[in-house]
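Written out below as structure tokens is the structure these notes cover.
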Amino acid sequence: MMLNDRENDVNMKLAGFFLPVVLFTLWYIFTLDGGVPAYLLPSPGDLASTGIDFAIGENPPYGGTLFVHTMASVQRVITGFGLAVALGLPLGFLTGRIGLARASLDPTVHLIRIVPGISWLPIAMVWFGVGETTTLFLISLAAFFPVYVNAAQGASTVSPMLIRAGRMLGANDLRIFTTVIIPASMPATLAGLRLGLGLSWAYLVLGELTGVTYGLGAVMMDARMLGNVDMVLVSMIFIGFFGRISDIALVKSFRKFGLLKNGDRI
Amino acid sequence: MKRTNLSAIGISKTFSRTGSNDSLPVLDMIDFAIQEGEFVSILGPSGCGKSTLLNILAGFEPADIGHATCCDDPIQAPSPERAVVFQSPLLFPWLHVQDNVMYGLKQKGISKADSEELALKYIKDVGLEGFEGYYPSQLSGGMQHRVSLARSLVLNPKVLLMDEPFSSLDAQTRYSMQQLLLRLWEDNRKTIVFITHDVEEALLISDRVCIMSQRPGKIVEEIKVTFDRPRDISLTSSQDFSRLKAHILTRLLS
Ligand SMILES: Nc1ncnc2c1ncn2[C@@H]1O[C@H](COP(=O)(O)OP(=O)(O)O)[C@@H](O)[C@H]1O
Ligand SMILES: [Mg+2]
């Protein structure tokens, strides 16, 4: 490109603001009196006051309940995603490096992966009933695949020369695994974790829609039945917001623990 | 008496491509003995099997026929006693300079305080004081090679195996790296096997040059290099140097 990097960065940031501003303006104009009726699309102002009431207000049934619902959802994401990571990372690293592990695991995993995650919903409801366990099952299942696949991909593509360097410096098999292969696979692994975390939020909503008492997905479903479009949209916004926060936190923690080298652009 | 520190005894190696009957003989009955503290260059055209030979000496690959020994023990696996400096620095990109240099010490189980002290000393020796906290991606190519040298030397290896370590550097940086290597070598007289395809480099730095033939590589001549040390770049314009260089080039081309 002709622009230098710094100019480019500033321009990119400005470019990022353009579309939201246009959409927001259109939204504002269309929901003025006499425009789109509020039961289809509430105005920005109405939505904002509903959101504030949800967070810190007192109007029943939703006023001030954001915290409990968020905690319930976050807990499910952490548990479900945590399970996926606890299984996906070690299995991924093993299949990435050990022929026998790959031969015995990979075909089956990819066979299961072909089945769309959503289609596990009915059978999960038969096995686990509606609610909590089904939600955790769906999240773990969906998040497992990207975590596993990317960890395996990262581990299998570590430069053999880097491994030689580790060996001649005196590292044994185990140390090669922990001090060369795992750190060298981190960029790919992090990509998998981010995909998995994103899917966790998606499947959280799917699970919660089936019927739990607390949770942002539950609020969404509940509000829809009451015809409260504002709350449906507000819940969507908060889910997106927390999803993004969790993604940023994941990347930040990787940087903090030195798992990403400096200058890696994410 | 100086002991024989590293030797190759009738080493041959043939690569066969998987799934075909083609076979590529790369090394043909390589024999040599390198004394303790000797600086030996192995000089040969590219593709003649120099890296293959070095990999066998390092213990990365086995020989098909014959074997290599280090201090009379057969070489079977890589070991920090035979530290390698590769053609590219191959630092661990997620570790900063100091941790890269301390990596091998950690594997040895040396205490943190001791390895820190050692690492800082060697980082200083290679002229990188103040760069301890830099990541490899923040260093120039020459600086990365210095770190790579430091991380091998810090282990106090018996033998240093170097595979065209400076061939990717510009002429100036290469010269300063050669001088650095010689200065460090004067201090502790490690046994060094230095692989290169550059005749001048071989003559400037080594005690002895082993000339390899085209593939399949065999050692066709060994030449003692007796120029006084320390050797200066001006040596390259002397008559003796030019004559030796011409002789070696003729040997390489034949
Ligand atoms: N692992 C390998 N498998 C097959 N052929 C190889 C392998 N390593 C090297 N070779 C071949 O052996 C020959 C010598 O390679 P190498 O030792 O790297 O040469 P040099 O270092 O002298 O340039 C080359 O023709 C190369 O293609
Ligand atoms: Mg080579």
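The values are calculated or read from the model by the stated rules, or taken from the named source; none is laboratory data. In this text, all values refer to a predicted model and were calculated from it rather than measured experimentally. Here the Cβ positions follow ideal geometry from the backbone for every residue, glycine too, while neighbour counts run over all protein chains shown.
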Give the stretch B:72-98 a look and list any residue that's more than 16 Å from the chain's Cα centre (by Cα) and more than 9 Å from every other protein chain (Cβ to nearest Cβ), or say none. B:D72, B:D73, B:P74, B:I75, B:Q76, B:V97, B:Q98
Does B:V101 fit the bill of being crowded, with 22+ Cβ neighbours inside 10 Å, within 16 Å of ligand 2 (Cβ to nearest atom) and within 12 Å of another protein chain (Cβ to nearest Cβ)? no
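Yes or no, residue by residue, for (1) of a type outside the set (S, T, N, Q); (2) modelled with pLDDT of 95 or more:
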{"position": "A:I56", "(1), (2)": "yes, no"}
{"position": "A:R102", "(1), (2)": "yes, no"}
{"position": "A:V130", "(1), (2)": "yes, no"}
{"position": "A:S140", "(1), (2)": "no, yes"}
{"position": "A:F144", "(1), (2)": "yes, yes"}
{"position": "A:V149", "(1), (2)": "yes, yes"}
{"position": "A:A152", "(1), (2)": "yes, yes"}
Residue selected from the stretch B:43-52 under the condition out of contact with any Gly (no Cβ under 7 Å at 6 or more places or on another chain) and either within 14 Å of chain A (Cβ to nearest Cβ) or of a type outside the set (S, T, Y) (or both), by the criterion surrounded by the most Cβ atoms within 10 Å (Cβ to Cβ): B:L43
Which members of the stretch A:213-226 meet the condition of being surrounded by fewer than 20 Cβ atoms within 10 Å (Cβ to Cβ) and closer than 14 Å to A:V68 by Cα? A:T213, A:Y214
Does B:E81 satisfy the condition of being within 29 Å of B:T14 (Cα to Cα), away from ligand 1 (no atom under 16 Å from the Cβ), in contact (Cβ under 8 Å) with a residue 40 or more places away in the chain and not hydrophobic (A, V, I, L, M, F, W, C)? yes
Would you mind telling me which numbered condition in (1) at negative phi; (2) within 16 Å of ligand 2 (Cβ to nearest atom); (3) in contact (Cβ under 8 Å) with a residue 24 or more places away in the chain B:N55 fails? (3)
Do any helices (runs of 4 or more DSSP H) lying entirely in the stretch A:155-266 carry at least 1 residues that are within 11 Å of chain B (Cβ to nearest Cβ) and β-branched (V, I, T), and which ones are they? A:160-168, A:173-176
Among the residues listed as B:V199, B:V220, the single one being without any contact (Cβ under 8 Å) to a residue 40 or more places away in the chain and either within 15 Å of ligand 1 (Cβ to nearest atom) or within 14 Å of chain A (Cβ to nearest Cβ) (or both): B:V220
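Residue by residue, here is whether (1) away from chain A (no Cβ under 14 Å); (2) among the polar types (S, T, N, Q); (3) touching a His at 6+ places or on another chain (Cβ under 6 Å); (4) more than 16 Å from ligand 2 (Cβ to nearest atom) holds:
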site	(1), (2), (3), (4)
B:L184	yes, no, no, yes
B:K190	yes, no, no, yes
B:V193	no, no, no, no
B:M212	yes, no, no, no
B:P216	yes, no, no, no
B:K224	yes, no, no, yes
B:Q239	yes, yes, no, yes
B:R243	yes, no, no, yes
B:L253	yes, no, no, yes
Every listed condition ((1) surrounded by fewer than 23 Cβ atoms within 10 Å (Cβ to Cβ); (2) part of a helix (DSSP H, G or I); (3) without any contact (Cβ under 8 Å) to a residue 60 or more places away in the chain) holds for B:L181 save (1)
Index of the failed condition, A:L169 passing every other in (1) surrounded by fewer than 18 Cβ atoms within 10 Å (Cβ to Cβ); (2) farther than 26 Å from A:L250 by Cα: (1)
Residue under question is B:V159, and the condition is that it be in contact (Cβ under 8 Å) with a residue 12 or more places away in the chain, more than 16 Å from ligand 1 (Cβ to nearest atom) and within 14 Å of another protein chain (Cβ to nearest Cβ); does it hold? yes
Given the conditions (1) part of a helix (DSSP H, G or I); (2) without any contact (Cβ under 8 Å) to a residue 24 or more places away in the chain; (3) exposed (fewer than 14 other Cβ atoms within 10 Å of the Cβ), report the number of the one that A:P37 does not fulfil. (1)
